[in-house]
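Asks: I have a structure here, written as structure tokens, and I will follow up with some questions on it.
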Amino acid sequence: MKKYIYLFICLIWAGTAASQSLLTPEQLAKREKRKNLTVKEWNTDDKSKTRWLDHVKVYDSQGRCIEEIEYATYGQKSRVTSTYDDVTGKVVEEVEYNDRNRPTRIRKYEWNADGTKAKQYNYLPNGKLFSVKVFEYIFSDK
């Protein structure tokens, strides 16, 4: 029995190590530059020269986007927050908010061992499961 437990732990560790190594050196360098960064995008009307905030992205201490806000001339249009798995670094949950900052959709993700998305669960704001999206990857020999 101990042998099976040890084998199981090794398989989990190997899967975790493999999924963490899926980032290229360029992706790792890009993520390093985004640590604790906030990026604001501004628009300016050509005629009136009026300027307004268009988009904001907030990154955490590991360089992952944790919040993205889209604005219109009247204010916030939408907002998405992201939560990541501490072990794999993959996004596990996204919450989408409307212009009144109320949740409109919750998405939760499952990932394959190779780092590709396996499933996306879509929930209503009240927590009720609305739909499940399954990802299928087909590679051709062309």
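Asks: In terms of the ratio Rg/(2.2 N^0.38 Å) built on C-alpha atoms, what value belongs to segment 56-142?
Replies: Here the Cα radius of gyration is 1.27 times the empirical estimate.
Asks: Here is a follow-up. Any chance you could count the Lys pairs in segment 45-142 whose alpha carbons are under 25 Å apart, treating pairs 8 or more apart or on different chains as valid?
Replies: Total qualifying Lys-Lys pairs in segment 45-142 comes to 23.
Asks: Considering amide H positions built from the backbone, and no H for Pro or chain starts, which residues 5 or more places from ARG105, or on another chain, come under 5 Å of its amide H?
Replies: Amide H neighbours of ARG105, under 5 Å, 5+ apart: GLU96.
Asks: Continuing with the same structure: What list of ³J(HN,Hα) values in whole Hz, one per residue of segment 114-122 in order, does the Karplus curve 6.51 cos²θ - 1.76 cosθ + 1.60 (θ = phi - 60°) give from phi, with Gly and Pro shown as x?
Replies: Result, ordered by residue: 8, x, 8, 5, 9, 9, 10, 9, 10 Hz.
Asks: Another question, if that's okay. Exactly which trypsin sites (Lys or Arg not before Pro) in segment 24-72 are in a DSSP loop and have at most 12 other Cβ atoms within 10 Å?
Replies: Counting only loop positions with at most 12 other Cβ atoms within 10 Å, the trypsin sites (Lys or Arg not before Pro) in segment 24-72 are LYS35, LYS47, LYS49.
Asks: May I ask you to sort TRP111, TRP52, TRP42 by Cβ crowding, counting other Cβ atoms within 10 Å and putting the fewest first?
Replies: TRP42, TRP52, TRP111
Asks: What list of ³J(HN,Hα) couplings, whole Hz, do you get for segment 70-77 from phi and the Karplus terms 6.51, -1.76, 1.60, once you set θ to phi - 60° and write x for glycine and proline?
Replies: Per residue, the Karplus-derived 3J(HN,Hα) values read 10, 10, 10, 4, 8, x, 5, 9 Hz.
Asks: Here's another thing I want to ask about it. Using modelled backbone amide H atoms (1.01 Å from N, in-plane), which distant-in-sequence or interchain residues come within less than 5 Å of HIS55's amide H?
Replies: GLU41, TYR71
Laboratory data are not the source of any read-out in this text; all were calculated from the coordinates shown. In this text the structure is predicted, and so the values were computed from the model without any measurement. Here Cβ is always computed from backbone atoms with ideal geometry, including for glycine, and neighbour counts include all displayed protein chains.
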